[in-house]
Amino acid sequence: MADFNKGDVLAIGSDHGGFELKQSIIEHLKEQGVEVRDFGCYDSNSVDYPEIALKVTGAIKSGEAKLGILVCGTGIGMSIAANKVKGIRAAACSETFSAKYTRLHNDSNVLCLGGRVIGPGVALEMVDLFINTKYEGGRHDRRVSAVMDIENL
Ligand code: RB5
């Protein structure tokens with residue numbers, strides 16, 4: 001389970017399209033005392049999103065981080081790349097309902113956001129819901145397991 005508890009590390013990364021929003025998210029999380037590991041990019045110069053997606057998902061796979069946030073222009077490229085990595089359930093979301101329910105029902109461990117799609121107000125609310133919502137389990141276990149079995153086909 002990817003429930004986020006006090007003391008857990010959150011891995012974050014973006015490309016140039018998500019850089020500004022990533023910085024706002026980091027500031028917001030640090031204000032709340034969340035331990036954040038920033039995997040770049042570190043300025044607004046162009047960088048390829050798969051490179052960053054690999055670093056953030058690598059931190060989750062190794063156990064260093066419990067959850068991840070990836071930001072690109074749309075959130076879509078990051079989610080496609082992240083979902084190629086075994087053990088990753090990445091959700092590209094643009095509103096709060098999905099950010100909450102992807103934790104409740106999908107036990108998602110990566111939230112992908114579009115820096116060119118949403119503003120910081122909505123994004124920060126989504127981040128709070130994502131890290132504070134616990135996976136519901138129950139009937140969803142069977143479905144999440146079936147999704148993860150696809151990795152072994
Ligand atoms: C970069 O221009 C852009 O393609 C990227 O940020 C992202 O939106 C890809 O899905």
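Pairs under 7 Å by beta carbon, first residue closer than 16 Å to I76 by Cβ and within 12 Å of the ligand (Cβ to nearest atom) in the range 43-55, partner open to solvent by less than 70 Å² (accessible area, probe 1.4 Å) and assigned to a helix (DSSP H, G or I), six or more apart or different chains?
Y49/G77; Y49/M78; Y49/A81; P50/A81; A53/M78; A53/A81; A53/A82
Assess whether K61 counts as being free of Cβ contacts under 8 Å to residues at least 40 places away in the same chain, farther than 27 Å from G7 by Cα and either basic (K, R) or in contact with a Leu (Cβ under 8 Å, 6 or more places away or on another chain) (or both). Quick ask: steps written out before the conclusion?
Values: free of Cβ contacts under 8 Å to residues at least 40 places away in the same chain: yes; farther than 27 Å from G7 by Cα: no; either basic (K, R) or in contact with a Leu (Cβ under 8 Å, 6 or more places away or on another chain) (or both): yes.
No, not satisfied.
Just to be sure before I move on: is R116 touching a residue at least 40 places away in the same chain (Cβ under 8 Å), over 21 Å from L54 (Cα atoms) and basic (K, R) in the structure I sent?
Criteria met by R116.
Hey, among I88, I80, which residue is of a type in the set (A, V, I, L, M, F, W, C), within 14 Å of the chain's Cα centre (by Cα) and either in a helix (DSSP H, G or I) or within 16 Å of the ligand (Cβ to nearest atom) (or both)?
I80
Looking at (1) more than 16 Å from the ligand (Cβ to nearest atom); (2) closer than 17 Å to E20 by Cα; (3) touching a helix residue (DSSP H, G or I) at 6+ places or on another chain (Cβ under 6 Å), which is the one condition that is false for V122?
Unmet for V122, out of (1) more than 16 Å from the ligand (Cβ to nearest atom); (2) closer than 17 Å to E20 by Cα; (3) touching a helix residue (DSSP H, G or I) at 6+ places or on another chain (Cβ under 6 Å): (3).
Could you check the range 24-42 and list, in sequence order, the residues that are under 20 Å from L129 (Cβ atoms) and either more than 12 Å from the chain's Cα centre (by Cα) or away from the ligand (no atom under 16 Å from the Cβ) (or both)?
Within the range 24-42, S24, I26, E27, H28, L29, K30, E31, Q32, G33, V34, E35, V36 meet the criteria.
The values are calculated or read from the model by the stated rules, or taken from the named source; none is laboratory data. Predicted model, so just to flag it, every value in this text is computed and none were measured. Cβ: placed from backbone, ideal geometry, glycine included. Neighbour counts: every protein chain shown. Ligands, DNA and RNA are stripped out before the accessible areas are found, and what is left, the full protein with its side chains, is counted by its heavy atoms. Shrake-Rupley method; radii C 1.70, N 1.55, O 1.52, S 1.80 Å.
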